[in-house]
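Any read-out appearing in this document is the output of simple, stated calculations on the displayed coordinates, not a laboratory observation. Just so it is clear, the structure is predicted and the values come from calculations on it, not from any experiment. No Cβ is skipped: glycine too gets one built from the backbone with ideal geometry, and neighbour counts run over all protein chains shown.
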Amino acid sequence: CKNMVKMQNTFLRNLRHFTSGVSHIKTPIDSYYNHYINLPLPNNKVLATYVWIDGSGINLRSKDRILDKVPCDLSMVPKWSFDGSSTGQAKTNDSDTLLIPSAMYKDPFRKSPHILVLCETYYGDGSPTPTNFRAQCAKALSKISDQEPWFGIEQEYTIFDNDMWPLGWPKNRGFPALKSLFSYCGNGEHVAGREIVECHARACIFSGMDYGGSNAEVMKGSWEYQVGPSLGIKAADDIWMGRYMLNRIAEHFGSIISYHPKPMGKDQPGIGCHHNFSTNKMRDKEGITEIKKICEIMCDQHDKLIKNYGLGDSEENKKRLTGKFETASYDKCRWGVSDRGASIRLQKMVLVKGKGFLEDRRPAGDCDPYRVCALLAETCM
Ligand code: ADP
Ligand code: MN
Ligand code: MN
Ligand code: MN
Ligand code: MN
């Protein structure tokens, strides 16, 4: 029995090395793992990871399926189903929930020919599940397809250590000494988690996402990545797939990714998801007139938009939209040029050139970009 306990402890120790992904520690498990990972598979066999948004509206789920040929396009990826009662999406006695493939990416974890498949979720009767906003987004976008809507989305997030305290913060639940002053686009002791950001950038670009860039954010341990500008629904698809890959990469490092809009309380910066938007009218000569018109409409619809700009009914986003930390207060809407304290910001270049795009700064880090893009599109109808 003593021997068993010893064996178990050794096993757990090895497992910990293995799961924490500390690359300089070479355990036997690493070499066994590499052996299996590198086994040659028959050429036609493809591991497909189906990814979907669960009933929480922010967490992602995935499961794997082996395909017998390499799919050339989405139509060759079969529909599938899952147990919706285990994901907050269905009742136990009627739990079959459908996965409808909606976008395909190269799998950066397994590399080619393996794929990631972003899916929409539906009930058997053909109705979308409550957290599936993609269908209505696609519909709204199709109505303005002649206006060629482009979206560029900035996703901010916070990296937590496995003790549930932000990465790089003092371990005794203390706060960073030089609060908020040197972390934005910072380096050295002012940032934490750059290895995750580096891995994520490569993974996103490899996958076929329109990955645009990244920067360290105002709160130590928080970062941002951008996608776009992309035509139509691709930016929103890419943000969701980017979130999935970020969660997966954080697994290697024993870290946890949070998209909460105000994770560390009122005295610390918030976490947003700015949506940049333009149509051909806004990008063309004299586009500024159209941009201003849309800004006015976006402010007129402020209350409706705000309710849709964060997880659920967006209550947590009110903690972020205080008027401090480069936000405008949630109870009013204001647009302005070069103003990071405005709800909607136009870059100075837009005014100089008289055309371009606008930036809606109100969406929360945990927003659903399908909901936001759909509403932005509706302002142009
Ligand atoms: P900032 O942090 O100053 O707001 P970023 O560089 O982080 O700026 O983000 C700018 C975003 O604007 C990017 O996501 C980019 O894709 C997007 N963008 C640039 N041009 C357009 C455009 N014409 N239409 C829509 N989005 C755009
Ligand atoms: Mn099963
Ligand atoms: Mn940005
Ligand atoms: Mn930012
Ligand atoms: Mn921005």
* When only residues in the stretch 122-137 that are out of contact with any Pro (no Cβ under 7 Å at 6 or more places or on another chain) and buried (at least 18 other Cβ atoms within 10 Å of the Cβ) count, which is nearest to Leu375 (Cα to Cα)? -> Cys137
* To do: May I ask you to verify whether Ile66 is in contact with a Cys (Cβ under 6 Å, 6 or more places away or on another chain) and farther than 18 Å from Trp52 by Cβ?
  => no
* To do: Give the stretch 256-272 a look and list any residue that's surrounded by fewer than 23 Cβ atoms within 10 Å (Cβ to Cβ) and among the small types (Gly, Ala, Ser), or say none.
  => Ser258, Gly265
* Is one or more of the residues making up the stretch 302-321 within 16 Å of ligand 3 (Cβ to nearest atom) and within 30 Å of Gly168 (Cβ to Cβ)? -> yes
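Each row is one residue, and each column tells you yes or no for (1) of a type in the set (D, E, K, R); (2) without any contact (Cβ under 8 Å) to a residue 60 or more places away in the chain.
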{"residue": "Ile66", "(1), (2)": "no, yes"}
{"residue": "Ser75", "(1), (2)": "no, yes"}
{"residue": "Ser81", "(1), (2)": "no, yes"}
{"residue": "Gln89", "(1), (2)": "no, yes"}
{"residue": "Gly124", "(1), (2)": "no, yes"}
{"residue": "Pro130", "(1), (2)": "no, no"}
{"residue": "Phe133", "(1), (2)": "no, no"}
{"residue": "Glu156", "(1), (2)": "yes, no"}
{"residue": "Ile159", "(1), (2)": "no, no"}
* Restricting to strands (runs of 3 or more DSSP E) lying wholly in the stretch 275-379: which have 2 or more residues that are surrounded by fewer than 15 Cβ atoms within 10 Å (Cβ to Cβ) and free of Cβ contacts under 8 Å to residues at least 60 places away in the same chain? -> 335-337
* Looking at the stretch 203-247, which of the residues that are without any contact (Cβ under 8 Å) to a residue 60 or more places away in the chain, farther than 27 Å from Ala377 by Cα and within 16 Å of ligand 5 (Cβ to nearest atom) is surrounded by the most Cβ atoms within 10 Å (Cβ to Cβ)? -> Ala216
* Residue within the stretch 107-116 that is within 30 Å of Tyr184 (Cβ to Cβ) and in contact (Cβ under 8 Å) with a residue 24 or more places away in the chain present -> yes
* To do: Specify the residue that is farthest from Cys119 (Cα to Cα); the eligible residues are those in the stretch 224-263 that are within 16 Å of ligand 4 (Cβ to nearest atom) and of a type in the set (Lys, Arg).
  => Lys262
